[in-house]
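Following: one structure in structure tokens, then a few remarks.
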Amino acid sequence: MSTLTEAPPPLAPGAPEPKPPKRRGRWTPYWLLLPGILWLLVFFALPMIYQASTSVQTGSLEQGYKVTWHFATYWDALSAYWPQFVRSVLYAGTATILCLLLGYPLAYLIAFRAGRWRNLIMILVIAPFFTSFLIRTLAWKTILADGGPVVGALNTLHVLDVTSWLGWTAGDRVLATPLAVVCGLTYNFLPFMILPLYTSLERIDGRLHEAAGDLYARPSTTFRKVTFPLSMPGVVSGTLLTFIPAAGDYVNADLLGSTDTRMVGNVIQTQFLRVLDYPTAAALSFILMAAILLMVTLYIRRSGTEDLV
């Protein structure tokens, strides 16, 4: 039986037509976005514009700087400090690979094997964040001190002989060498690798592993064909969250390294705070940002996860 709907009563002669109901909450999403947009505008967009303006200025601190569109500053900065750029990419890339090799097994353990210990292990992973980045790096300076247990163990295993031949250590010491800088970067940014990996692995349906076993797949084949491909978003996110801040870091190279292990972040800090050459420092910052953006774009496209951009 069909339901009859009563028609609205006819309007009286000369009466105004009723207005359509107002759409409430139409601007609510935009008002909610406003604080974030203002934050990005004040603390990201405006500083970027100011830095871009600074990079094309000429002058001195005494006479003042003026915008003269001197783009040659970029070429001069790159020509003078290209070794620091290469060193930054090398150290950051090595630390990222080490974080992946160390973090993936731990994230896999937490996601599939930890059981009731999962929360405790996660707390231990996050615990370093409750300590200052500077204090953690200074602690590594004590751990890798000359004559300490770490250096003694490496000497006993003749590891320092190999790394010294490769140029990563200096004789029988670790401090003030590339190895110390990479160790500090790996430790400080390891949680940034573990957390995205765990999030990605935890979403994998365990029944997929059971199905692979029912199809007589070995554990290694299951990992290669099922687990690792499904965890690629976590791998890409973890490597980006590790490589990007590691490439611009200067604390580890300053406290654990020497003048021969200076990264581009140390050069930018020196140019800004000691030499007071603001145009060169700004140009180096933009070159670093552009290089990282290019490498990240190529890496994401190569890994087949363009949806993360």
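Only residues that are outside any helix (DSSP H, G or I) and either of a type outside the set (Ser, Thr, Tyr) or in contact with a strand residue (DSSP E or B) (Cβ under 7 Å, 6 or more places away or on another chain) (or both) were counted in segment 44-60, giving 4.
Test residue 287 against the stated conditions and say whether it is on the phi < 0 side of the Ramachandran plot and open to solvent by less than 50 Å² (accessible area, probe 1.4 Å).
Details: on the phi < 0 side of the Ramachandran plot: yes; open to solvent by less than 50 Å² (accessible area, probe 1.4 Å): yes.
For residue 287, the condition - on the phi < 0 side of the Ramachandran plot and open to solvent by less than 50 Å² (accessible area, probe 1.4 Å) - is met.
Take the conditions within 21 Å of residue 193 (Cβ to Cβ), touching a residue at least 40 places away in the same chain (Cβ under 8 Å) and either of a type in the set (Lys, Arg) or open to solvent by 70 Å² or more (accessible area, probe 1.4 Å) (or both) and apply them to residue 87. Does it pass? Explain how you work it out, then say what you get.
Working: within 21 Å of residue 193 (Cβ to Cβ): no; touching a residue at least 40 places away in the same chain (Cβ under 8 Å): yes; either of a type in the set (Lys, Arg) or open to solvent by 70 Å² or more (accessible area, probe 1.4 Å) (or both): yes.
It is false that residue 87 is within 21 Å of residue 193 (Cβ to Cβ), touching a residue at least 40 places away in the same chain (Cβ under 8 Å) and either of a type in the set (Lys, Arg) or open to solvent by 70 Å² or more (accessible area, probe 1.4 Å) (or both).
Selection of segment 174-185 for residues being part of a helix (DSSP H, G or I), open to solvent by 10 Å² or more (accessible area, probe 1.4 Å) and in contact (Cβ under 8 Å) with a residue 24 or more places away in the chain yields 178, 183.
If you go through segment 61-102 and keep only what is outside any helix (DSSP H, G or I), among the hydrophobic types (A, V, I, L, M, F, W, C) and on the phi < 0 side of the Ramachandran plot, you end up with 61, 67, 71.
Tell me which residues, restricted to segment 124-148, are free of Cβ contacts under 8 Å to residues at least 60 places away in the same chain and touching a Lys or Arg at 6+ places or on another chain (Cβ under 7 Å).
Keep residues of segment 124-148 that are free of Cβ contacts under 8 Å to residues at least 60 places away in the same chain, which gives 124, 127, 130-132, 135-136, 139, 142-143, 145-148.
146, the sole residue that qualifies.
Restricting segment 193-247 to residues that are in contact with a Phe, Trp or Tyr (Cβ under 9 Å, 6 or more places away or on another chain), open to solvent by 60 Å² or more (accessible area, probe 1.4 Å) and among the hydrophobic types (A, V, I, L, M, F, W, C) leaves a set whose member that is farthest from residue 122 (Cα to Cα) is 223.
The values are calculated or read from the model by the stated rules, or taken from the named source; none is laboratory data. Not measured: the values here are computed from a predicted model. Virtual Cβ from ideal backbone geometry, glycine too; neighbours counted across all protein chains shown. These accessible areas exclude ligands, DNA and RNA; they are computed on the full protein's heavy atoms, side chains included. Shrake-Rupley method; radii C 1.70, N 1.55, O 1.52, S 1.80 Å.
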